[in-house]
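Reviewing the structure listed below.
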Amino acid sequence: MAMHGKIGLEEHFAIPETLQDSAGFVPKDHWNILSARLLDVTEGRLREMDANGVELMVLSLNAPAVQAIHDADRAVEVARRANDFAADAVGKHPDRFQAFAALPMQDPDAATRELVRCVTELGFRGALVNGFSQVGEPETIVYCDDARYAAFWDTVEELDVPFYLHPRNPLRSWAQIYAGHEWLLGPTWAFGQETAVHALRLIGSGLFDRNPRLQIILGHMGEGLPISMWRIDNRNAWVDAPPGHKARHPIAHYFQRNVHLTTSGNFRTQSLLDAMLEIGPDRIMFSTDWPFENVDHAAKWFDAAPISENDRLKIGRTNAAKLLKLGAHTFR
Ligand code: GRE
Ligand code: ZN
């Protein structure tokens, strides 16, 4: 039986300034469709949602977009435009769309200010950032565990909104491992590898000791982390050597307290069950990854997945409503 009232948290749009960033991911003859889907935040999208029992999409900008704009002033400008565009879409259908902020992480103070503006003035539900940022020049990259973001993270925690860590490809110059094997780039493999390591950097840096109430969201059923979580903390246990990271507790400690997963682009029962066993049904949320994936593929799989109806309701809807504080004013 189809579940109604689902909420999706990894559902992208593009503005003209960022549209081309998504062009290389599909064959040329599919670009017309993908670009039209990315630019549409009205009828076509609502039709997809209605047909598949999705009541609400939390909109976010495509990737890498702002994170790839090494000129900080330009990054600030494009993030602002994207967020204003999203706010407009939400304003027209507040019961169907909410939004995550795009952030110019090239300038930590500006990113903090933009997050505050988006959450307190525009009513956004959190932020979505596409991995590392190129800062000042194309080859200078900064991950979110960098010390420059300490005050930014304090603000995220204070605002009590989640931070969605979304994939991007590694820079070619940093990823010889994929040379000659470009098929591994993007959602096939490199997105997950890049994002899993980034998440582990955040945890291992001690971020969640400094900001214990901070909540991070990972897509794609956790970017491979659930299946690896035991091994990350237990490698060569007989040696009894310290793990070498800066965090006070084992990595799994934070994975279970500071991380949420979504089903975006990973419509696989085996992977869902493994994630449920590692992180529990209270920290997993339905998502599509529209328009890179089809809403009907996500929904048909999820609605029929062999889990309890109680867990389906949590994962499909109530976990997100709680984490994003979707009140009765925006949401039935
Ligand atoms: C995504 O947003 O997850 C994505 C892209 C590009 C290709 C595939 C994909 O940004 O899933
Ligand atoms: Zn995505």
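The values are calculated or read from the model by the stated rules, or taken from the named source; none is laboratory data. From a predicted model like this one, the values you see are computed outputs, not experimental measurements. Note: ideal-geometry Cβ built from the backbone for every residue, glycine included; neighbour counts use all protein chains shown.
For segment 211-221, filtered to residues that are within 16 Å of ligand 2 (Cβ to nearest atom) and over 21 Å from Leu185 (Cβ atoms), the residue that is surrounded by the most Cβ atoms within 10 Å (Cβ to Cβ) is Ile217. In segment 218-231, the residues that are on the phi < 0 side of the Ramachandran plot form Cβ pairs under 6 Å with partners that are of a type in the set (D, E, K, R) and away from ligand 1 (no atom under 14 Å from the Cβ), at six or more places apart or across chains, as follows: Pro226/Asp274; Pro226/Glu278; Ile227/Asp274; Met229/Glu278. Being crowded, with 17+ Cβ neighbours inside 10 Å and more than 16 Å from ligand 1 (Cβ to nearest atom) holds for only one residue in Phe208, Phe286, and it is Phe208.
Evaluation of Ala127 against the conditions (1) crowded, with 24+ Cβ neighbours inside 10 Å; (2) assigned to a helix (DSSP H, G or I); (3) of a type outside the set (Phe, Trp, Tyr) shows that the sole unmet condition is (2). In the set (1) within 16 Å of ligand 1 (Cβ to nearest atom); (2) crowded, with 16+ Cβ neighbours inside 10 Å; (3) of a type in the set (A, V, I, L, M), the condition left unmet by Ala89 is number (1).
Segment 156-270 holds helices (runs of 4 or more DSSP H) entirely within its bounds, and those carrying 3 or more residues that are modelled with pLDDT of 95 or more and within 15 Å of the chain's Cα centre (by Cα) map to 190-204.
Screening Leu59, Leu9 for residues that are in contact (Cβ under 8 Å) with a residue 60 or more places away in the chain, within 16 Å of ligand 2 (Cβ to nearest atom) and crowded, with 21+ Cβ neighbours inside 10 Å leaves exactly one candidate, Leu9. Does Gly224 qualify as being within 16 Å of ligand 1 (Cβ to nearest atom) and crowded, with 20+ Cβ neighbours inside 10 Å? When the stated conditions are applied, Gly224 does not pass them.
Taking segment 1-118 as the region of interest, the helices (runs of 4 or more DSSP H) fully inside it that hold 1 or more residues being among the hydroxyl-bearing types (Ser, Thr, Tyr) and in contact with a Leu (Cβ under 9 Å, 6 or more places away or on another chain) are 28-39, 108-116. Pairing residues of segment 282-306 that are more than 18 Å from Leu38 (Cα to Cα) with residues that are at pLDDT below 95 and not aromatic (Phe, Trp, Tyr), at Cβ distances under 8 Å and at least 6 apart in sequence or on separate chains, gives Ala299/Ala2; Asp303/Met1; Asp303/Ala2. The condition (being away from ligand 1 (no atom under 16 Å from the Cβ), of a type in the set (Val, Ile, Thr) and either surrounded by 15 or more Cβ atoms within 10 Å (Cβ to Cβ) or under 21 Å from the mean Cα position of the chain (by Cα) (or both)) is satisfied by just one residue among Val41, Val54: Val54.
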